[in-house]
Structures are given as C-alpha cells and as structure tokens.
Amino acid sequence: MPSARQESRRFLLPLCTVALLLIVAGFLWPAFRPLAVLFVVLVVLVIAFVRFFFRDPERAVPADPSLVVSAADGVVVGVEEMDEPDFQLGPRCRIAVFLSVFDVHVNRSPVAGRVLKTSHKPGEFLDVRHPECSTRNEALSWLLETDRGPVAVRQIAGLVARRIVAWKKEGATLARGERFGMIRFGSRTEVFLPVSCEVLVKPGDRVQGALTPIARWNP
C-alpha cells in the first residue's frame, strides 16, 4: 500500500540531487564554494523538514468499539449540526479538524466500514481557517458504510496544501484507525456523524488521528 514514506520520496530525491550538484559545483569552482555551502545548508534544512512532515507514527486504536476516533491530527475548529453536502445524508454532526504544517498529515478512518463512494470537488485553495473553505476549496469526500449507518469524511486542501492523496479506492474495507490517505502541507479534515452520536470533543481541543476519541455511538 502507498505510504507517507513513498510520498516523501517525490520531494527528497530531487532535493538530494540538488544538494549533490551544489557540493560538486563547490569543489569544481572554488569561487562559488561559500555560496554553495550556504545553499547546501538550506537544502539540508528543507530535507529535514520534509522528513519531519511525512512522519507516520504507529497509533494504538482505543479498544472500545463504540468510540469514533479522529481522522487526523490537529485542533478541533468546529462542532456543529448541518446537512452533509456531498452524499445528501441529511442532518449530520460535523467535526472539523485543522492541521498545521507541523501536524502529522496521514488521514485515518474514524470508523470501521466499507468505502461506498468517493467524490472529488475541484475548487479554490483558501486558508483552511477561512469560514467558507469547506464549501469553496478543493476536496475529496469519502462515504463509509458501517454497521451503524453511513459516515462521511472530507479531506480539504488549503492555502499551502495543493494535493490530496488517496491510498484507498471505492469498495475497500477499512478498519477503525486505518490509513486511507493524506493531504500535503496544511489542511482540514471533517467527519460527518449521525446526530445521535455523543460528541466527546469541543473547539480548541487537540486530537490525534486513530488515537483520540471524538464521539461515541449511541446504543
């Protein structure tokens, strides 16, 4: 299965090539050496950040099957009831999480279920803290079929994040907490749950994907 490490290679290989060329240039042209050293240091710092950004730690999913876990690392920026817009599921509780460039950007399934459908919506790249980013930004939505009804997850690209990466396809079966994709360099993830669920988080709470319970199914 594709992984964050494989995604990082798209950036690391060109960066390492640039660093190598600068080192060679510094040896061949002594007059260019001080500038080459400066550029190599800058490239190495960028490489270090890329490796940091594409980290993907293992997470222990809570044992309680009634818990819905966060789909992303970040800060909860919204908990509200609204109509789910992509699959016409009707009134749902939307829990939105903002991911900064310093958060883990691998997205994980909040529930166990099967991917019934995905929906890609082209759009703008507003800052994901903008109040209209949810409706105007490029997004990829997932409809999950679960034993307790449908759940939707939406990955939203932001001002810096210009690429949403999907690692699963329609028909795939996801375990709770399983990786299904990522958004590169700052983004927002929203989970749409039945309004009967007991919400366990509030705006301002920091959550971790697959680890932090965000809601509980109503018995």
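Would you mind stating whether Ser134 is at pLDDT below 90, in the same structural domain as Phe180 (by TED's automatic domain parsing) and either among the small types (Gly, Ala, Ser) or assigned to a strand (DSSP E or B) (or both)? Explain how you work it out, then say what you get.
On the way: at pLDDT below 90: yes; in the same structural domain as Phe180 (by TED's automatic domain parsing): yes; either among the small types (Gly, Ala, Ser) or assigned to a strand (DSSP E or B) (or both): yes.
Here the answer is yes, as Ser134 does meet what is asked.
Run down Phe192, Phe185 and say which single residue is among the aromatic types (Phe, Trp, Tyr) and at pLDDT 95 or above. Even if it seems obvious, please write down each step before you answer.
Numbers: Phe185 fails: at pLDDT 95 or above.
After ruling out the rest, the residue left standing is Phe192.
Go through the residues of region 23-40 one by one and say whether even a single one is in contact (Cβ under 8 Å) with a residue 12 or more places away in the chain, surrounded by fewer than 17 Cβ atoms within 10 Å (Cβ to Cβ) and either in a loop (DSSP other than H, G, I, E, B) or out of contact with any Asp or Glu (no Cβ under 8 Å at 6 or more places or on another chain) (or both). It would help to see each step written out before you state the result.
Step one: of region 23-40, the residues in contact (Cβ under 8 Å) with a residue 12 or more places away in the chain are 23, 26, 36, 39-40.
Checking which are surrounded by fewer than 17 Cβ atoms within 10 Å (Cβ to Cβ) leaves us with 23.
Cutting the leftovers down to either in a loop (DSSP other than H, G, I, E, B) or out of contact with any Asp or Glu (no Cβ under 8 Å at 6 or more places or on another chain) (or both) gives us 23.
Yes: region 23-40 contains one or more residues that are in contact (Cβ under 8 Å) with a residue 12 or more places away in the chain, surrounded by fewer than 17 Cβ atoms within 10 Å (Cβ to Cβ) and either in a loop (DSSP other than H, G, I, E, B) or out of contact with any Asp or Glu (no Cβ under 8 Å at 6 or more places or on another chain) (or both).
Among the residues of region 76-88, is there at least one that is farther than 21 Å from Arg188 by Cβ and either modelled with pLDDT under 95 or touching a helix residue (DSSP H, G or I) at 6+ places or on another chain (Cβ under 9 Å) (or both)? Show your work before the answer.
Residues of region 76-88 farther than 21 Å from Arg188 by Cβ: 88.
Pick out the ones that are also either modelled with pLDDT under 95 or touching a helix residue (DSSP H, G or I) at 6+ places or on another chain (Cβ under 9 Å) (or both) and you get 88.
Yes, some residue in region 76-88 is farther than 21 Å from Arg188 by Cβ and either modelled with pLDDT under 95 or touching a helix residue (DSSP H, G or I) at 6+ places or on another chain (Cβ under 9 Å) (or both).
Mind checking which residues of region 73-123 are without any contact (Cβ under 8 Å) to a residue 60 or more places away in the chain and part of a loop (DSSP other than H, G, I, E, B)?
Across region 73-123, the qualifying residues are Pro85, Gln88, Phe102, Asp103, Pro122, Gly123.
Sort out which residues of region 193-212 are surrounded by fewer than 24 Cβ atoms within 10 Å (Cβ to Cβ) and in a strand (DSSP E or B), and write them in order of number.
Going through region 193-212, the residues surrounded by fewer than 24 Cβ atoms within 10 Å (Cβ to Cβ) turn out to be 194-208, 211-212.
Passing the criteria: Glu198, Val199, Arg206, Val207.
Tell me whether region 38-46 contains one or more residues that are of a type outside the set (Asp, Glu) and in contact with a Pro (Cβ under 6 Å, 6 or more places away or on another chain).
Of all residues in region 38-46, those of a type outside the set (Asp, Glu) come to 38-46.
Those still in the list that are in contact with a Pro (Cβ under 6 Å, 6 or more places away or on another chain) too: none.
No; the residues of region 38-46 include none that is of a type outside the set (Asp, Glu) and in contact with a Pro (Cβ under 6 Å, 6 or more places away or on another chain).
With (1) part of a loop (DSSP other than H, G, I, E, B); (2) farther than 26 Å from Pro219 by Cβ; (3) touching a Ser or Thr at 6+ places or on another chain (Cβ under 9 Å); (4) modelled with pLDDT of 80 or more as the list, and Gly177 as the residue in question, which single condition is left unmet?
Status for Gly177: all satisfied but (2).
Based on this model, can you work out whether Val75 counts as touching a Ser or Thr at 6+ places or on another chain (Cβ under 9 Å), within 21 Å of Ala166 (Cβ to Cβ) and of a type in the set (Val, Ile, Thr)? Before you say what the answer is, go through the steps one by one.
On the way: touching a Ser or Thr at 6+ places or on another chain (Cβ under 9 Å): yes; within 21 Å of Ala166 (Cβ to Cβ): no; of a type in the set (Val, Ile, Thr): yes.
So Val75 does not fit the description; no.
I want to confirm something. Restricting to region 161-192 and keeping residues that are surrounded by fewer than 18 Cβ atoms within 10 Å (Cβ to Cβ) and among the basic types (Lys, Arg), which single residue is nearest to Leu144 (Cα to Cα)?
Taking the candidates together, the pick is Lys169.
The values are calculated or read from the model by the stated rules, or taken from the named source; none is laboratory data. No experiment lies behind these values; they were computed from the predicted model shown. Cβ: placed from backbone, ideal geometry, glycine included. Neighbour counts: every protein chain shown.
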